[in-house]
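A quick write-up on the structure given underneath.
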Amino acid sequence: MSTYDSAFGYVSAHGAPLVDLLDPQPGEKIIDLGCGTGSFTADIAERGAEVLGIDGAPEMVAQASALNPGLSFTIGDAHDFTISEPFDAVASNAALHWMTRDPDAVIAHVHAALRPGGRFVGELGGAGNCAELIAAMQTAWRVFGLGEPELPWYFPTPAEYAARLEDGGFTIRLLEHADRPSRMTECPDGAADWVRIYAPSTLADVPPEMVDPLLARVNELAAPALRRESGWVADYVRLRFAAIRKPNSSTTLP
Ligand SMILES: C[S@@+](CC[C@H](N)C(=O)[O-])C[C@H]1O[C@@H](n2cnc3c(N)ncnc32)[C@H](O)[C@@H]1O
């Protein structure tokens, strides 16, 4: 029927850039949901699409605007954003797993933002993501007599996310759940740095003098699985999907 069909058909999802799966066309109106500092937004714009980056964090939107002059960014919560006219596609990279309050509300707002037949393309952490890192955290917290760390993410199974998309008025064209071991170049002190960077909320209630020894223990526990001679590797697992808003589905916003 359309270029989108052929794009979804031939792009090998695993490892290919997400923008290739999205396949933006010149002139299309596309939202980048959870855009952060806007690097994925810029990739979409490079293909000639008219793109709007939305992010819940004002400091991210400020940085994105400064780094990408000429592109449009706005502050908005993915659970509750509204758009004045329908878009051709919504894309999201590495952001949906941070939107933990109500995943169905996010999907409902994406649906409402799309024209019938519009596409929703995304990649997020899937079930099992960072399992070794998380297990090391949980053990270290226990060893130090702390309660279970409250993790700030939502890592769905493929079946669970597929059901949410289908119940939310989408037809799934591609869904992939794959290991993506990734070098932790941004974390010279390994798992300890990873906790500080990606899960700082879990440290909020830890007594300050306990933080360093606690994270040293996380490193000891995670090292056998994740530390290689060449450096630390995170045990990422990604869920990647491409879906179409059903032409005759209606939107019920929560
Ligand atoms: C890991 S960053 C990914 C940024 C970007 N998509 C990229 O690929 O580099 C996750 C982003 O999701 C945003 N985010 C988290 N929860 C959100 C929400 N409920 N609504 C909108 N943005 C949200 C965060 O502020 C952050 O900028």
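No value in this document is a laboratory result; all are computed from the given coordinates. What you are looking at is a predicted structure, and each value in this text was computed from that prediction instead of being measured. A quick note on method: Cβ atoms are made from the backbone with ideal geometry, for glycine too, and the neighbour counts reach across all protein chains shown.
Over all directions, what mean area does the Cα convex hull of the chain project, stated in square nanometres?
14.6
Once the convex hull of the alpha carbons of the range 95-148 is built, what does its volume come to per residue, in cubic angstrom?
In the range 95-148, the Cα hull volume divided by residue count equals 89 Å³.
Enumerate the amide H contacts of N129 below 5 Å, restricted to partners 5 or more residues apart or on another chain; note that Pro and chain-start residues carry no placed amide H.
V237
Largest first and to the nearest Å, give the Cα extent of the range 161-225 along each principal axis.
51, 27, 19
Once phi is turned into ³J(HN,Hα) by the Karplus curve 6.51 cos²θ - 1.76 cosθ + 1.60 with θ = phi - 60°, what whole-Hz value does each residue of the range 107-121 show in order, with x for glycine and proline?
Couplings: 4, 5, 6, 5, 4, 5, 7, 9, 6, x, x, x, 10, 10, 10 Hz.
Which residue fluctuates the most in the chain, going by a Gaussian network model with Cα springs under 10 Å, if the choices are E59, E50, E229?
E229
Ordered by residue, what ³J(HN,Hα) values in Hz, to whole numbers, does the range 39-56 give under the Karplus form 6.51 cos²θ - 1.76 cosθ + 1.60, where θ = phi - 60° and Gly and Pro are x?
So the Karplus estimates, Gly and Pro as x, are 6, 5, 4, 5, 4, 5, 5, 4, 7, x, 7, 9, 10, 10, x, 10, 8, x Hz.
What value, in deg cm²/dmol to 500, does the helix sum -39500 (n - 2.57) over DSSP H runs of n ≥ 4 give at 222 nm once divided by the residues of the chain?
-11000 deg cm²/dmol
Please list the non-local residues whose amide H lies under 5 Å from the amide H of E50, H modeled 1.01 Å from N, same-chain partners needing a gap of 5 or more.
Placed amide hydrogens put G27, E28, K29, I30 under 5 Å from E50.
Taking H as built 1.01 Å from N, whose amide H comes closer than 5 Å to the amide H of R173, not counting residues under 5 places away?
The list, which skips near neighbours in sequence, is A242, A243, I244.
For S92, S249, S65, what's the fewest-to-most ordering of other Cβ within 10 Å of each Cβ?
Values: S92 26, S249 14, S65 17.
The fewest-first ordering by Cβ neighbours comes to S249, S65, S92.
Rounded to the nearest 10 degrees, what's the angle between the helix 131-143 long axis and the longest principal axis of the chain, both from Cα atoms, 0 to 90?
40
Averaging over all projection directions, find the projected area of the Cα convex hull of the range 19-124 and quote it in nm² with one decimal place.
Projected over every direction and averaged, the Cα hull of the range 19-124 covers 5.9 nm².
Can you compute the charge dipole magnitude of the range 13-99 about its Cα centre, using +1 on each Lys and Arg Cβ and -1 on each Asp and Glu Cβ, nothing else charged? Give it in debye, rounded to the nearest 20.
Dipole about the Cα centre, nearest 20: 100 debye.
For helix 158-167, report the angle its Cα long axis makes with the longest principal axis of the Cα atoms of the chain; keep it between 0 and 90° and round to the nearest 10°.
Approximately 30 degrees, to the nearest 10.
Relative contact order, percent, of the range 155-254 when contacts are C-alpha pairs under 8 Å separated by at least 6 residues?
48
Mind checking which of L33, L18, L215 has the largest fluctuation in a GNM of the chain, springs on alpha carbons under 10 Å?
Maximum fluctuation in the GNM of the chain, among the listed residues, is at L215.
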